1. Amide H to amide H, which residues 5 or more places from Asp100 or on other chains are under 5 Å from it, using H placed in the peptide plane?
2. Find out how many positive minus negative residues lie around Ile58, taking Lys and Arg as positive, Asp and Glu as negative, among other residues whose Cβ is under 13 Å from that of Ile58.
3. Taking 0.36 nm per intervening residue step and subtracting the Cα-Cα distance, what contour gain separates Glu231 from Ser400 on full extension?
4. Please list, or write none, the lysines whose alpha carbon is within less than 27 Å of the alpha carbon of Lys215, excluding same-chain residues fewer than 8 places away.
5. Using a 1.4 angstrom probe, figure out how much accessible area the stretch 54-97 has per residue, in square angstrom, rounded to the nearest whole.
6. Given H placed on each backbone N at 1.01 Å, which residues far from Ala268 in sequence or on other chains put an amide H within less than 5 Å of it?
7. Round to a whole number: what % of the accessible area of the stretch 213-267 belongs to carbon and sulfur, probe 1.4 Å?
8. In whole Hz and in residue order, list the ³J(HN,Hα) couplings for the stretch 78-89 that follow from phi through the Karplus curve 6.51 cos²θ - 1.76 cosθ + 1.60, θ = phi - 60°; x for Gly and Pro.
Amino acid sequence: MGTGFGARAGAAVLAVLFWLGLAVAGLAQQQLSGLARLDPARSTLLDDARGAEIVLGISQPVPFRAYLLDDPPRLVADFREVDFGRARPDAPAEGGLIRDIRWGGFRPGWSRLVAELTGPVRLDAAVEETGETPRIVLRLSPAKPEDFNARVGAPASALWDLPQPVDGGPPHLRQDGSAPLRVVLDPGHGGIDPGAEFGALDEAVLTLTFARELKEMMTRAGMQVTLTRDEDVFVSLEARVTKARALGADLFLSLHADALPEGQATGATIYLLNDTSGDRASQRLAERHDRADLLAGVDLTGQDDSIASILMDMARSETQPRSERLGRALAASIKGAGLGMHRHAIQHADFAVLKSPDIPSALLELGFLSSPRDRENLLDPEWRTQMARAILTGVEVWASADAAEARLLRQ
C-alpha cells in the first residue's frame, strides 16, 4: 500500500459508522478500548477492477468508523486507536479501485487510514472481527457516480465529532522588546502525513527533531517557544496557524525538508508568502505542503469566506514587510555561518501556513531529502546545532530591529 490522495471544500460525503465493535449485520455493542497495534504480517490489500479488500490485522479490537468522501473519491477509516508504528503501506497495483493509501496518527488518541480511489465505489463492508486474531476488513466494489453520491453527510457522533477546543487568548500587540519574544515553531507534516521520504528517513521525524533542538536553544536565549506539534501526530494547516494566533505569537517559523528532483533543489531555502509566484518548484512545493490536509482526509467545507479574506489581506499589508525583513535576516545569518543555501536563498510561494494576517511568518526548507549532501547534513548533530544557532541569530537581529520600529510607530 502507498501514500497519497485528497479532499476539497464542499466534499460530498457517503458514510457508514462502525464503533465499539458494531458490525454491518447489527451485532450488539462490545465495550472496546485501548491501543491496538498493527500486525503487518496479517494485513493485506487485494484490489482489481472488480473490487477491493483491505484487511488490517490488529492486536486487539478498537472502536472505528469507515466512510467515503467525494471529489476526489476516497475512503477514510478512523480508529480509536491503532499504532501503525513505522509500517508503510505497499503500493497498490494498477488497474484496481485504489490509487494510493496512507495511514498513521491523526491527532492524540486517533489514527486514520485514507485510500485515494480511482473512481466511485460502494462501501460494501466495514467489519471488525474479534477473537484471538482480531482484524478490520473493508470491502469496496465499483459504483455508478449517482450511487456514490446517494447520501450526503457523515453520521454525527459524540464519540467521533466533538470539536477540538482552542483558547483564543488575550489580545496581543506587536512586540516592542519589552517582553520575551513569543516564537511558534512548526515542524512540518506528522502522523498520517510523513512528508517527503527517502529510505528509512521521513520529513516529519527530521523536522520534529530539529524543532526540539531549536526550541531548546531559543528558550535558553530568553524566548518563549511553542511547537505546533511535539510528537508524531497530524496537525491540520489551519490548526497550526490558529495555535500561533491563540498564543499571541510574534513570529511563526515553519520547518521542512522536502524532496525535489536532483539538481533542482539543494541547500536551505527561505519561503515567504506570495500568491502570484510563477516559479515551478515553488508551485510544486506549495501543492505538496498544502495538500497535507487533503491527504489526511480532512473535510474543508465552509472554510472560505470572501469578506474575511479581504480583511486578512488588509492586515497582511503591514505584516508582510515584516516577514520580508525576517527572511532577509535569516538568510544573512545562515550564509554568514557558512551553511549552504539554495542559489535563490529567498523565494516566494502560496503556502497556507504563511497566511496568518498578523504574524510575521516564514517557511524554512532546512534542506532537501532528494539531495545527498542535505541528507547528510540533516542527520549530523553538529550541522543541526550550527543551523539552529544561525536561525537564532537571525531571529534576534530581526526582533531587535522590529521592536525598534514598533516603538517609533507608537510614538
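1. Glu116
2. -2
3. 57.7 nm
4. Lys243, Lys335, Lys355
5. About 34 Å² of surface per residue is accessible.
6. Met341, His342
7. Values: 1070 of 2120 Å².
Carbon and sulfur together cover 50 percent of it.
8. Once rounded to whole Hz, the list reads 9, 10, 9, 8, 10, 8, 7, x, 9, 5, 10, x.
The values are calculated or read from the model by the stated rules, or taken from the named source; none is laboratory data. What you see is a predicted model; the values in this text were computed from it and never measured. In this analysis, Cβ positions are derived from the backbone assuming ideal geometry, glycine residues included, and neighbour counts consider all displayed protein chains. The protein model used for the area step is the full one, side chains on, heavy atoms only, and it has no ligands, DNA or RNA in it. Shrake-Rupley method; radii C 1.70, N 1.55, O 1.52, S 1.80 Å.
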